[in-house]
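Asker: Right, I'll just put the structure down here and ask away after.
The values are calculated or read from the model by the stated rules, or taken from the named source; none is laboratory data. No experiment lies behind these values; they were computed from the predicted model shown. Cβ coordinates were reconstructed from backbone atoms using ideal geometry, including for glycine residues, and neighbour counts include every protein chain displayed. Quick note on the areas: whole protein, heavy atoms, side chains included, nothing else; ligands and nucleic acids left out. Shrake-Rupley method; radii C 1.70, N 1.55, O 1.52, S 1.80 Å.
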Amino acid sequence: MRVVLAGTRGFGAHYLERLRHMRDVVELAGVCDTVPPEPGALDGLGPGDAAPEFSTDLPELIKRTGAEIAILATPIPTHAELTLAALAAGAHVLVEKPTAATLADFDRMERAAAESGLACQVGFQSLGSAAVPAVRGMIAEGVIGRGTGIGVAGSWPRPASYFTRSAWAGRRRLDGVDVVDGALTNPFAHALATALAVAGTEGRGAVASVETELFHANAIESDDTSAVRVTTAGGPPIVAAVTLCAAERDEPYVVVHGERGRITLRYTLDEVQVDDGPVRRFGRTDLLRNLVDHVRSGEPLLVPIGRTGAFMEVLEAIRLAPDPLPIADEHQDRSGEGRVLPGVAGLVDACADRLALFSEVGAPWAVPLVAGGGVVAEYVTRPGLPLTESPRPYLHPVRTLGGVVVTEVRPQDHPHHLGAGVAVTDVGGRNFWGGRTFVRDQGPTWLDNHGVQRHVEFTGRDRAGFAETLLWERPGEDPVVREERTARAVPLSRGWALRFSFTLRNLTGSPLTIQSSATKGRAGAGYGGFFWRAPAGSPGLGVFTGEAEGEQAVHGSRAPWLALSSEDWTLVFAQEDDPWFVRVAEYPGVGTALAWDTPLVFGDVLARRVTVVVADGRLAPGEVPDLVTEATA
């Protein structure tokens, strides 16, 4: 059967090698490319002793050679137009994955194939494996009980040259045209397509929703480290986590979670394993050979274009998602040929194991705040802390635009101080601050009363920040508070500002009392609310407001703003509701005091907002008011 190949470089070179091994069934009649192939690339591939014809015009080449099949191994954004052109010229099509760059292009391709009566097969080679129907059969037979979800994991290294291999490499768009060359949509596209096939959710309309977490360590536009959660229409949830920033290659896999066990499919090896049992290896059918058999004898296509509809719905969600977030340099090892995220392979495996996104397994770079072109803060949602430290989400490290870190976590003097966040010593008798609880007439005392602020979900995320839902609870007890938290980074004329708000919703059905150590008899210890722990040992620490200067003068004041500064940085806090809690001599920290000297009782809702200006160097008092006005506007 006569075939033509569009694209002779990159993955096209792999097709040339495959064609050499399939001369019993196909004859390469011609090749199409923007420039002629490399010398010797086509040796031994033409009809008889002749060389395959070369053309830059695919439809003309198909008609001149009489080719029955066109193989398209061209850049992603060309797939749609070349597929339409090949079908119009009368050729069946094998198009490389991903099917197209947009869902609209996919729909055009599927419609054109149906109208032409010709075949359009997509090059998801893993779907030619007999392992996929075997796993589906195991699920149907109940080998692992009821399926509860599917995880996908892939960790590969890539040198810097991978992202410069072509003009479209590592791009989401090029010259206004969608490319979507990301980790999940190109190198690990097989992983995602295989998971959808195992789930039995492959056609259009099979995907109900997609959550995305897209990142890049490399200096690229697209993502090199990604996680998605796919909710299917009637099928199990799918979580896929992949990276191109691993220290070494791990074989990617799809793991099916069941009530009584797991099935692992290593799709590159066609290997299947149930729990820790023996590994079974399955055969694989070449998709070009399958297409030839389809054209000759009506053999069913293994990967007709319609089978990739659900994959394209996920790709479309990735295409329309906010641009990938940068991963700060401090999380990277750049000593080799490519960028490496130490420990990322373990995080990828954790995502597949727990059916969780990167932010949900504690990846330290998974929730960055970006301002001024760089990562200025990172948010930790699930710190692995002992209960006595009242585990809670927090911001750390927070940096100036110049890169100076202005937060501290778990310092020796107060291990329960966690960067910047919300901490309260007593909410209805529960300690959400950490450490000892002050007991009247007794002093600081260890009590079994520590609570946890548990991250539930992000209700909104972009480069600047997030909106989050949390539950405040004691282990084994019902939650007492549901919190809605927002944090956003805003660039300023000097430095940047953190806009932070939290709304506490009482879940107890009765008025809820907030107390501090001061309300129990420890004078001046009214801490509890928003709290920022700055780095100990910062040189030249000082604190001032518009009316006063020094710790004793500003502690407990209600000034509209308060500045904590050192030789290297200045933090300006602005809010209108509560007194300021300030420490400089013992340690550097600033917070709002919800219960300064009197318990605060609230019924349904308690809401607060604070803005923090983060600037390099020491600001003079006269420079602060205009920055506060700009930051709070």
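Asker: Just the residues that are among the basic types (Lys, Arg) and in contact (Cβ under 8 Å) with a residue 60 or more places away in the chain, please, taken from the range 96-125.
Answerer: The one that is among the basic types (Lys, Arg) and in contact (Cβ under 8 Å) with a residue 60 or more places away in the chain: Lys97.
Asker: Which residue pairs have Cβ atoms under 6 Å apart, sit 6 or more places apart or on different chains, and have a first residue in the range 446-461 that is loosely packed, with under 14 Cβ neighbours inside 10 Å and a second that is not in a strand (DSSP E or B)?
Answerer: If the second residue must be not in a strand (DSSP E or B), the pairs left are Trp446/Arg436.
Asker: Ok, one more. Among the residues in the range 324-333, are any out of contact with any Gly (no Cβ under 8 Å at 6 or more places or on another chain), part of a helix (DSSP H, G or I) and surrounded by 24 or more Cβ atoms within 10 Å (Cβ to Cβ)?
Answerer: Within the range 324-333, none of the residues are out of contact with any Gly (no Cβ under 8 Å at 6 or more places or on another chain), part of a helix (DSSP H, G or I) and surrounded by 24 or more Cβ atoms within 10 Å (Cβ to Cβ).
Asker: Sticking with this structure for a sec: Please list, ordered by first then second residue, the pairs with beta carbon atoms under 8 Å, 6 or more apart or interchain, first in the range 139-152 and farther than 24 Å from Leu184 by Cα, second surrounded by fewer than 12 Cβ atoms within 10 Å (Cβ to Cβ) and not hydrophobic (A, V, I, L, M, F, W, C).
Answerer: Ile144/Glu259; Ile144/Arg260; Gly145/Glu259; Gly145/Arg260; Arg146/Glu259
Asker: Within the range 590-627, can you find the residues that are within 13 Å of Phe544 (Cα to Cα) and either open to solvent by 10 Å² or more (accessible area, probe 1.4 Å) or not aliphatic (A, V, I, L, M) (or both)?
Answerer: Arg618, Ala620, Pro621, Gly622, Glu623, Pro625
Asker: Of all the residues that make up the range 372-395, how many are touching a residue at least 12 places away in the same chain (Cβ under 8 Å) and on the phi > 0 side of the Ramachandran plot?
Answerer: Going through the range 372-395 one residue at a time, the tally reaches 2.
Asker: Still on this structure, please answer the following. For Ser538, indicate whether it is crowded, with 17+ Cβ neighbours inside 10 Å and more than 26 Å from Asp577 (Cα to Cα).
Answerer: Answer is yes for this residue.
Asker: Out of all the residues in the range 516-544, which are within 38 Å of the chain's Cα centre (by Cα), among the polar types (S, T, N, Q) and not in a loop (DSSP other than H, G, I, E, B)?
Answerer: Selection gives nothing.
Here is a yes/no grid of residues against (1) touching an Asp or Glu at 6+ places or on another chain (Cβ under 6 Å); (2) open to solvent by less than 40 Å² (accessible area, probe 1.4 Å); (3) within 30 Å of Arg229 (Cβ to Cβ); (4) of a type in the set (Asp, Glu):
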site	(1), (2), (3), (4)
Asp353	no, no, yes, yes
Gly362	no, yes, yes, no
Val370	no, yes, yes, no
Glu378	no, yes, yes, yes
His396	no, no, yes, no
Gly403	no, no, no, no
Thr407	no, yes, yes, no
Pro411	no, yes, no, no
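Asker: Within the range 555-607, count every residue that is among the small types (Gly, Ala, Ser) and within 26 Å of Gly429 (Cβ to Cβ).
Answerer: 7
Asker: Specify the residue that is farthest from Val230 (Cα to Cα); the eligible residues are those in the range 340-351 that are open to solvent by less than 50 Å² (accessible area, probe 1.4 Å) and not in a strand (DSSP E or B).
Answerer: If we take residues in the range 340-351 being open to solvent by less than 50 Å² (accessible area, probe 1.4 Å) and not in a strand (DSSP E or B), then Leu341 is farthest from Val230 (Cα to Cα).
Asker: Return yes when Phe530 is in contact with an Asp or Glu (Cβ under 8 Å, 6 or more places away or on another chain), surrounded by 17 or more Cβ atoms within 10 Å (Cβ to Cβ) and closer than 25 Å to Ala371 by Cα and no when it is not.
Answerer: When the stated conditions are applied, Phe530 does not pass them.
Asker: What helices (runs of 4 or more DSSP H) completely inside the range 1-94 contain at least 1 residues that are open to solvent by less than 10 Å² (accessible area, probe 1.4 Å) and of a type in the set (Gly, Ala, Ser)?
Answerer: 11-20, 79-88
Asker: Here's something else I'd like to know. When the residues of the range 197-245 are narrowed to those that are within 18 Å of Val367 (Cβ to Cβ) and among the acidic types (Asp, Glu), which ends up surrounded by the fewest Cβ atoms within 10 Å (Cβ to Cβ)?
Answerer: Glu211
Asker: I'm checking my understanding of the structure. Among residues of the range 158-169 that are hydrophobic (A, V, I, L, M, F, W, C) and assigned to a loop (DSSP other than H, G, I, E, B), which one is nearest to Tyr253 (Cα to Cα)?
Answerer: Ala169
Asker: For the range 517-526, which positions are under 24 Å from Val572 (Cβ atoms) and buried (at least 24 other Cβ atoms within 10 Å of the Cβ)?
Answerer: Within the range 517-526, Gly526 is the sole residue that qualifies.
Asker: A follow-up question, please. Of the numbered conditions (1) touching a strand residue (DSSP E or B) at 6+ places or on another chain (Cβ under 8 Å); (2) modelled with pLDDT under 95; (3) over 19 Å from Glu483 (Cα atoms), Arg382 fails exactly one; give the number of that condition.
Answerer: Going through (1) touching a strand residue (DSSP E or B) at 6+ places or on another chain (Cβ under 8 Å); (2) modelled with pLDDT under 95; (3) over 19 Å from Glu483 (Cα atoms) one by one, Arg382 breaks only (3).
Asker: Report whether or not Val152 is open to solvent by less than 10 Å² (accessible area, probe 1.4 Å), in contact with a strand residue (DSSP E or B) (Cβ under 6 Å, 6 or more places away or on another chain) and assigned to a helix (DSSP H, G or I).
Answerer: no
Asker: While we're on this one: What number of residues within the range 170-196 are small (Gly, Ala, Ser), surrounded by 19 or more Cβ atoms within 10 Å (Cβ to Cβ) and in a loop (DSSP other than H, G, I, E, B)?
Answerer: Total satisfying the criteria: 3.
Asker: If you don't mind, another one. When you go through Leu288, Leu315, Leu320 one by one, which is the residue that is under 18 Å from Glu96 (Cβ atoms) and under 18 Å from the mean Cα position of the chain (by Cα)?
Answerer: Checking each option against the conditions leaves just Leu315.
Asker: On the basis of being over 23 Å from Ala195 (Cβ atoms), open to solvent by 30 Å² or more (accessible area, probe 1.4 Å) and either free of Cβ contacts under 8 Å to residues at least 40 places away in the same chain or not hydroxyl-bearing (Ser, Thr, Tyr) (or both), does Arg319 make the cut?
Answerer: No; evaluated as a whole, the condition is false for this residue.
Asker: List the strands (runs of 3 or more DSSP E) inside the range 253-307, counting only whole elements, that have at least 2 residues being at pLDDT 95 or above and surrounded by 19 or more Cβ atoms within 10 Å (Cβ to Cβ).
Answerer: 261-266
Asker: Out of all the residues in the range 380-387, is one or more over 28 Å from Glu221 (Cβ atoms), within 25 Å of the chain's Cα centre (by Cα) and among the β-branched types (Val, Ile, Thr)?
Answerer: No, because not a single residue in the range 380-387 is over 28 Å from Glu221 (Cβ atoms), within 25 Å of the chain's Cα centre (by Cα) and among the β-branched types (Val, Ile, Thr).
Asker: Please specify each residue of the range 566-589 satisfying the condition of being open to solvent by 10 Å² or more (accessible area, probe 1.4 Å) and among the hydroxyl-bearing types (Ser, Thr, Tyr).
Answerer: Result: Tyr587, single match.
Asker: Same structure again: Considering every residue within the range 547-565, establish whether at least one is out of contact with any Cys (no Cβ under 7 Å at 6 or more places or on another chain), in contact (Cβ under 8 Å) with a residue 60 or more places away in the chain and open to solvent by less than 10 Å² (accessible area, probe 1.4 Å).
Answerer: Yes: one or more hits.
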